[in-house]
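**Student:** Just passing along the structure, written as structure tokens.
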Amino acid sequence: MESFNNIRAMIIDMDGVLWHGTVPQPGLCEFFETLRDLQIRFILATNNASQTQDQYVKKLAGMGVTVAKDQVLTSGMATALHLAEHADPTSTRVFVVGEDGACEPLREQGFTLTGLYELKTDKTPNAQGADIVVCGKDSTLTWDKLATATLNIRAGAKFIGTNADTTLPTEYGVTHGNGAILAALTTATGVSPMIIGKPEPIMYRQAMKLLGSDPAETIAIGDRLETDILGAVRTGIRSLMVLTGISSEDDLRGCDYQPTWLMPDIIAVAEALRRQTD
């Protein structure tokens, strides 16, 4: 295993790393104390697009951890930033399957969000549908949302997924993730979405830009091999997998990519950081 050193910045996943649902992982406060004591810059980068920056800041505060808004990057924010770079928000209409965490960043970028059954059809030729459909984790998911997304995509709207995680670790156990919603829409439309979140490099590159960090001094921490770790590999940065979430040590066997380090939890990560040799 590579020496655990030259770590000046971290891109840290949240679900399965820092908490399970509403239950914090043991050692959470001490982990962040370590980062601050060692002056390690960090971005909390989650594929979960359901919540806003403010909501994540409030959630962490309730667990005894203080972070600033600009230390949080969600796949909803990453999606809005990416779309704003490739389309004119003032003339682009977006239908969202998702919650505040997916909708708010799009509004902040200036996109117009369309409503249920706001479509251009043969019967409503003067109406305007969506140019883009964005799909993120949605605990308020309804038949009408799926139907509106399907109709827009079938009419030619671009199909964007904030992330493709098929599962989500919660305080109740592992449940379905946004990938399950994407699968339903793909089945209904025959169109596969463009994914913005991990394992695509887009989010990690955005996080490093926010951190002002060099890839050689930046590591990614996550619990999911096929998103957090693969995303780091594709971005060209080192990675650390903890065993408190989705992926297990057995999942590493036969996999053609590996994390740089494997540790049981964030308690072990904090201890290793304090022992850095460089």
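**Student:** Modelling each spin label as a point 7 Å along the Cα-to-Cβ direction, I'd like the ALA68/ASP250 distance in nm, to one decimal.
**Tutor:** Placing both labels 7 Å beyond Cα along the Cβ direction yields 4.4 nm.
**Student:** Among the chymotrypsin sites (Phe, Trp or Tyr not before Pro) within the range 202-278, which fall in a DSSP loop and have no more than 15 other Cβ atoms within 10 Å of their own Cβ?
**Tutor:** Details: sites: TYR204, TYR257, TRP261; in loops: TYR257.
Filter output for the range 202-278: TYR257.
**Student:** By a straight-distance test (C-alpha under 17 Å), which aspartates and glutamates pair with LYS198 as possible cross-link partners, with residues fewer than eight away in the same chain excluded?
**Tutor:** By straight Cα distance, LYS198 reaches ASP13, ASP15, ASP165, ASP223, GLU226, ASP228.
**Student:** Net charge within 14 Å of GLU30 by Cβ-Cβ distance, Lys/Arg positive one each and Asp/Glu negative one each, not counting GLU30 itself? Present the calculation step by step, with values, prior to reporting the outcome.
**Tutor:** On the way: positive: ARG36, ARG274; negative: GLU33, ASP37, ASP265, GLU271.
Cβ neighbours under 14 Å give a net charge of -2.
**Student:** Would you count, across the range 50-146, every pair of lysines whose alpha carbons are under 17 angstrom apart, provided the pair is eight or more residues apart or spans two chains? Mind showing how you got there, number by number?
**Tutor:** Values: LYS58/LYS69; LYS59/LYS69; LYS120/LYS145; LYS137/LYS145.
Taking the range 50-146 as the scope, the lysine pair count is 4.
**Student:** To the nearest Å, what is the center-to-center distance of the range 218-278 and the range 153-176, using C-alpha atoms only?
**Tutor:** About 23 Å separates the Cα centre of the range 218-278 from the one of the range 153-176.
**Student:** What does the extension gain come out to for LEU210 and THR90, with contour length at 0.36 nm per residue minus their alpha carbon separation?
**Tutor:** Additional length available on full extension: 40.7 nm.
**Student:** Taking amide H positions as placed 1.01 Å from N in the peptide plane, with prolines and chain starts having none, which residues 5 or more places from PHE42, or on another chain, fall under 5 Å of its amide H?
**Tutor:** So PHE42 has HN proximity to MET10.
**Student:** Between THR170 and ALA183, what is the spin-label point distance in nm, taking each point 7 Å from the Cα along the Cα→C-beta axis?
**Tutor:** A separation of 1.7 nm, rounded to one decimal place.
**Student:** What does the net charge come to around MET14 if you take all other residues with beta carbon closer than 11 Å to its beta carbon, with K and R at +1 and D and E at -1?
**Tutor:** Within the 11 Å Cβ shell, the charges total -3.
**Student:** Please identify, among GLY21, GLY197, GLY177, the residue showing maximal mean-square fluctuation in a Gaussian network model of the chain using a 10 angstrom Cα cutoff.
**Tutor:** GLY21
**Student:** By how many degrees, between 0 and 90 and to the nearest 10, does the Cα long axis of helix 75-86 differ from the longest principal axis of the chain?
**Tutor:** 60
**Student:** Tally Lys/Arg at +1 and Asp/Glu at -1 over every other residue whose Cβ is under 13 Å from the Cβ of ASP228; what's the total?
**Tutor:** Working: positive: LYS198, ARG224, ARG234, ARG238; negative: ASP13, ASP15, ASP165, GLU200, ASP223, GLU226, ASP251.
The answer is -3.
**Student:** Please return the longest stretch of the chain lacking exposed loop sites, where trypsin sites (Lys or Arg not before Pro) count only if DSSP places them in a loop and at most 14 other Cβ atoms lie within 10 Å.
**Tutor:** 124-252
**Student:** Another question, if that's okay. If you take semi-axes √(5λ) of the Cα gyration tensor in Å from the coordinates, which of (1) 33, 23, 17; (2) 35, 18, 17; (3) 55, 28, 14 do you get?
**Tutor:** Here semi-axes √(5λ) of the Cα gyration tensor in Å agrees with entry (2).
**Student:** Would you mind giving the average projected area, over all directions, of the Cα convex hull of the range 77-195 in nm² with one decimal?
**Tutor:** Taking a quarter of the hull surface, the average projection is 7.4 nm².
Any read-out appearing in this document is the output of simple, stated calculations on the displayed coordinates, not a laboratory observation. None of the values given here were measured: they were computed from a predicted structure. Positions of Cβ are generated from backbone atoms using ideal geometry, with glycine treated the same way; all protein chains shown enter the neighbour counts.
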